[in-house]
Amino acid sequence: MNTKLFSDAMSEIEDRYIHEALQYKNKRKKSGWIKWSVAAACLCIVAAGTFIWKQFATPLAKDKNTIIGNEEITIKEDGITIPLPELSLSSDLHTDMLGFFIYQGRVYMQYEWLEDNGAIAGEPLGTATGLIDEWTPKDGYVELAGSVSGEFYTVNGFDPSFMLCMKHDDGRISTYICNSGITLKYGSDLYEDRLHLSKNNISAEYESRESWYYSREEIHALSSADGTEALNNFIRELNAAEFIPFSSIPLDEGETSPHDKEIYHLYLKMQSGITVELRLFQGGYVIFQGIPEVCVQIPPYEFNPLIDLFEN
């Protein structure tokens, strides 16, 4: 592979998947070279496994036990419809990075790991078989199959068509989001109708892009005295803004990806223990970590005051 092809391929690997591989079951600090080693591994995985998922993402017979795929984001007057994610199951590493299972015709993708505080998991719904691997043909992507296995539950306070969870023997819970096959027009379609952000947000923390990228965990609390008004204004504009494809963010000279514009991560803690993780970019663009394909743009008069609090 020549240098340009390698560079182009690397640009297609989302930062969040590299980061999740580093963080999975391990909170130790990592050196920068490890991240790029994982990125190289991801490149091999993507190259080997994309064909498998694209077979799955091709429209199949309309059967309750199969998923009807769509590889492109669809933009219409009523909003943006998120397609099935492109998964590559070429190694155990990537299975951990992109844990998922199928329930009632929906694909639930792993979102975050939490300590089980007894308030998150609700009613048991079923058991994922974990029978999907790199050798699974397209007819194996059926109800309850996935790359993870175990009993799954509703998440208290959230619609099960959007979020489910699993309990683990080490006292933690993993949450899973149905981030495909949904249509979003305004921020409120996600942040209020599905995440109930205004009603349940109790505290906020932030972290610089550099700290997040190198797993330094230099996370700071947003002071309620200084930040409440700025945060409330930010959330109001977040709900009012229209979704656009993340890939449509205009690039400045020298930038190769919208990820070059990232400046902060904002962690909004919910009463139940769930965290709504937002990624903030220059120009006021914001994405939800659980659905990275789309973003909204916050006006500078509400975006900049919050950034100023982070920096000052």
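The values are calculated or read from the model by the stated rules, or taken from the named source; none is laboratory data. Worth saying up front: this structure is predicted, and the values here are computed from it rather than measured. Quick reminder, even Gly has a Cβ in these numbers, built from the backbone with ideal geometry, and neighbours come from all protein chains shown. In case anyone asks, the SASA skips ligands and DNA or RNA and just uses the protein heavy atoms, side chains included. Shrake-Rupley method; radii C 1.70, N 1.55, O 1.52, S 1.80 Å.
Express in % the proportion of alpha carbon pairs of the stretch 248-300 at distances exceeding 18 Å.
Looking at the stretch 248-300, the distances longer than 18 Å represent 33 percent of pairs.
If you take every residue apart from G150 with its C-beta less than 11 Å away from the C-beta of G150, what net charge results, scoring Lys and Arg +1 and Asp and Glu -1?
Neighbourhood net charge equals -1.
Once you have a ≥ b ≥ c as the square roots of the Cα gyration tensor eigenvalues for the stretch 166-210, tell me rounded if a/c is under 1.5, and otherwise prolate or oblate according to whether a/b is larger than b/c.
Since a/c reaches 1.5 but b/c is at least a/b, the shape of the stretch 166-210 is classed as oblate.
Computing the accessible area with a 1.4 Å probe over protein heavy atoms, can you report the carbon and sulfur percentage for the stretch 181-312?
In the stretch 181-312, the share of accessible area belonging to carbon and sulfur is 44 percent.
Please give the length that would be gained between R236 and N304 if that part of the chain were fully extended, namely 0.36 nm times their separation in residues minus their C-alpha to C-alpha distance (nm, one decimal).
So the extension gain works out to 23.1 nm.
Residue-wise, which Karplus ³J(HN,Hα) couplings in Hz belong to the stretch 215-225, taking 6.51 cos²θ - 1.76 cosθ + 1.60, θ = phi - 60°, and x for glycine or proline?
Once rounded to whole Hz, the list reads 6, 7, 6, 8, 9, 10, 7, 7, 4, 5, 5.
Between E72 and I244, how many nm apart are label points set 7 Å from Cα along the C-beta direction?
The modelled label-to-label distance comes out at 2.0 nm.
Placing one identical point scatterer on every Cα of the stretch 170-310 and ignoring solvent, what is log10 I(q)/I(0) from the Debye formula at q = 0.09, 0.11, 0.22 Å⁻¹?
For the requested q values the scattering log ratios are -0.26, -0.40, -1.66.
In sequence order, what are the phi-derived ³J(HN,Hα) couplings for the stretch 298-311 according to the Karplus relation 6.51 cos²θ - 1.76 cosθ + 1.60 with θ = phi - 60°, rounded to whole Hz, with x for glycine and proline?
8, x, x, 5, 10, 7, 5, x, 5, 4, 4, 5, 4, 8
What distance in nm separates the simple spin-label points at K185 and D116, each placed 7 Å from Cα in the Cβ direction?
4.1 nm
Which percent of Cα pairs goes in each bin when the distances of the stretch 123-190 are cut into 10 angstrom slices starting at zero?
17, 43, 30, 10
What residues have an amide H closer than 5 Å to that of S203, excluding those fewer than 5 places away on the same chain, when H is modeled at 1.01 Å from N in the peptide plane?
K269
What is the sum of charges around E218, taking Lys and Arg as +1, Asp and Glu as -1, for the other residues whose C-beta is under 9 Å from the C-beta of E218?
-2
Report, by chain and number, residues whose modeled amide H sits under 5 Å from the one on I298, excluding near sequence neighbours (fewer than 5 apart, same chain).
Y285, V286
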